[in-house]
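The values are calculated or read from the model by the stated rules, or taken from the named source; none is laboratory data. Computed from a predicted structure; not experimentally measured. Note that we place each Cβ from the backbone using ideal geometry, even for glycine, and neighbour counts take in every protein chain shown.
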Amino acid sequence: MNKLGLHANVWVGGWSDAEARLAISRTAEMGFDLIEMPALDPSRFDVAFTRRLLDDAGLDSVLSLGLDADTDISSGDADRIAAGEARLLDVVSVARDIGAHHISGILYSAFHKYMVPPTDRGIRESAEVIARVADKAAASGITMGMEVVNRYESNMLNTHAQAIEFCRMVDRPNVKVHLDVYHMNIEEADSVVAIERTGDMLGYFHTGESHRGYLGTGSIDLPAIFKALVRTGYSGAITFESFSSRVVGDPLTGILGIWRNTWDDSDDLVRHAMQYTQSQLKAARESLRTAKLLNG
Ligand code: MN
């Protein structure tokens, strides 16, 4: 069974003690198995406090981040590559100390709009850093997810095919592809085919909507997505991600372009996301069972 996750930004924009307490307790109360916490700046993370809250709530955790211009390991600049490797190693340490087994996001480049395409050398050097960091992460049982994002958030991994090729270049068993329906909806020719072709290289998954609001209210064919996840035997976490100007904090507001309010009531959004996800997964599993029954 897939663990169901929730992105902390549906509750809070930062990670003060009060915000951490609220996000973790509400996520557990809503029945989720794990919480994804943005860790763009891991030095601002109160590790011991967060660990205690997670343990008390019985929640798994995932840390997510994107690198920035000064830590861009795809930049071809030795100083930035070194700073990026140090940043990723810091995040591995924080993940280990809070008991997280997964780090995901734009770990392979900066998280911003590029004005030029990536270079072969930049991609190769990024893969070398990811491989070294992955070896450290493996010692703590941590998997690293390369999130495929749209062209306005990175120039490097915009499609599942690019991510598969990159993961093969890195060549570490704990480096996997992370797909997100919002980004696939922009970049892929067919999101179902993308999920099928990624297959067992898929390590983490984000659901959401085309406008990043309530599930089922945008233009993404979510029933087909859930069926593809079930049909391909994906057993990893499925995490709901949604952003509203009501909550999301800096610097994500600007980088993600969250200018509008798609919801006000976190409780209602999250309750609906849980019901919708469970209902879709149930329908997808029954659909597969029925198809086997009828088609032999
Ligand atoms: Mn995502």
| So Gly13, is it modelled with pLDDT under 95 and assigned to a loop (DSSP other than H, G, I, E, B) | yes
| request: Specify which of the listed residues (Met144, Met184) is outside any helix (DSSP H, G or I) and within 16 Å of the ligand (Cβ to nearest atom). | output: Met144
| message | For the list (1) more than 12 Å from the ligand (Cβ to nearest atom); (2) within 18 Å of Asp72 (Cα to Cα); (3) touching a strand residue (DSSP E or B) at 6+ places or on another chain (Cβ under 6 Å), I need the number of the one condition that Val170 fails. | response | (3)
| task | Pick out the one residue from Asp72, Asp68 that is free of Cβ contacts under 8 Å to residues at least 40 places away in the same chain, under 25 Å from Asp180 (Cα atoms), surrounded by 15 or more Cβ atoms within 10 Å (Cβ to Cβ) and in contact with a strand residue (DSSP E or B) (Cβ under 6 Å, 6 or more places away or on another chain). | result | Asp72
| So Lys136, is it in a helix (DSSP H, G or I) and either of a type in the set (D, E, K, R) or in contact with a helix residue (DSSP H, G or I) (Cβ under 6 Å, 6 or more places away or on another chain) (or both) | yes
| region 49-97 - residue that is among the β-branched types (Val, Ile, Thr) and outside any helix (DSSP H, G or I) and, of those, nearest to His7 (Cα to Cα) | Val62
| request: Considering only residues that are more than 16 Å from the ligand (Cβ to nearest atom) and of a type in the set (Val, Ile, Thr), look in region 218-232 and name the one that is farthest from Leu269 (Cα to Cα). | output: Thr232
| request: Taking Ala95 as the residue in question, decide whether it is more than 16 Å from the ligand (Cβ to nearest atom) and either crowded, with 21+ Cβ neighbours inside 10 Å or of a type in the set (Asp, Glu) (or both). | output: yes
| field | Test: residue in region 232-249 that is over 20 Å from the mean Cα position of the chain (by Cα) and farther than 20 Å from Asn2 by Cα | value | yes
| task | Please go through region 191-217 and pick out each residue that is under 20 Å from Leu157 (Cα atoms), within 16 Å of the ligand (Cβ to nearest atom) and aliphatic (A, V, I, L, M). | result | Ala194, Ile195, Leu202
| In region 242-288, what residues are among the hydrophobic types (A, V, I, L, M, F, W, C), modelled with pLDDT of 95 or more and surrounded by fewer than 16 Cβ atoms within 10 Å (Cβ to Cβ)? | Ala283
| Here are some residues: Ala23, Ala18. Which one is surrounded by fewer than 22 Cβ atoms within 10 Å (Cβ to Cβ), away from the ligand (no atom under 16 Å from the Cβ) and not charged (D, E, K, R)? | Ala18
| query | When only residues in region 135-178 that are among the small types (Gly, Ala, Ser) and over 22 Å from Tyr234 (Cα atoms) count, which is surrounded by the fewest Cβ atoms within 10 Å (Cβ to Cβ)? | reply | Ala139
